[in-house]
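**Student:** Supplied in structure tokens, the structure appears directly below.
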Amino acid sequence: MPSQRQLIGRPTSPRLAGFSYRGPYRYFITIRTSGGRRVFTGDWPYAETTVILSRAAAGSGFDVLAYCFMPDHLHLLVEGNEEADLIKFVREFKHRTAYNYKKVTGTGLWQRSFYDRILRGGEGTEAVARYIWNNPVRKGIAASAVEYPFIGSFVARVADWF
């Protein structure tokens, strides 16, 4: 039987119950654009959003190991330090980017919430990073990951991972 939240049209939270999302964990995150709109197709808002991503991550205790802006969503691989707070990081990032985007377009940028997967100790960071960076190739919008202009890392050169 559906929960009361589902009956009134609000989806349940995709967060793990009882997990704090704080501390030295690695996360694979997906954030979708509002309505699946194709937003990230050119230098704007990509460049501005990337600067905000860098600041929000550093301010919340995260390194961005890999990112890929697809036209209608963003993939991230992040790793936190002891003081890291994933919920704070994503909230700040989405808030700042949505505010700037709405000032220009009058429309929202992101869907409510986000999806995350906590990487376990044995899961390879490099394999997840390559998976993220190869998303444009799998979707047929780039011939190779290194030529796609909307991927990167704030800790390494992408080309060094291929």
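Please treat every number below as a calculation from the coordinates, not as lab data. These numbers were taken from a predicted model, which means no experiment stands behind them. Here Cβ is always computed from backbone atoms with ideal geometry, including for glycine, and neighbour counts include all displayed protein chains.
**Student:** What is the Cα radius of gyration of the chain over 2.2 N^0.38 Å, N being its residue count?
**Tutor:** Working: Rg = 16.0 Å, N = 162, 2.2 N^0.38 = 15.2 Å.
Dividing the Cα radius of gyration by 2.2 N^0.38 Å gives 1.05.
**Student:** Next up: So, with +1 on the Cβ of K and R and -1 on the Cβ of D and E, and no other charges, what is the size of the charge dipole of the chain about its Cα centre, to the nearest 20 debye? Don't skip to the answer; put the middle values down first.
**Tutor:** Numbers: 22 positive and 14 negative charges, 163 e Å.
Roughly 780 debye, rounded to the nearest 20.
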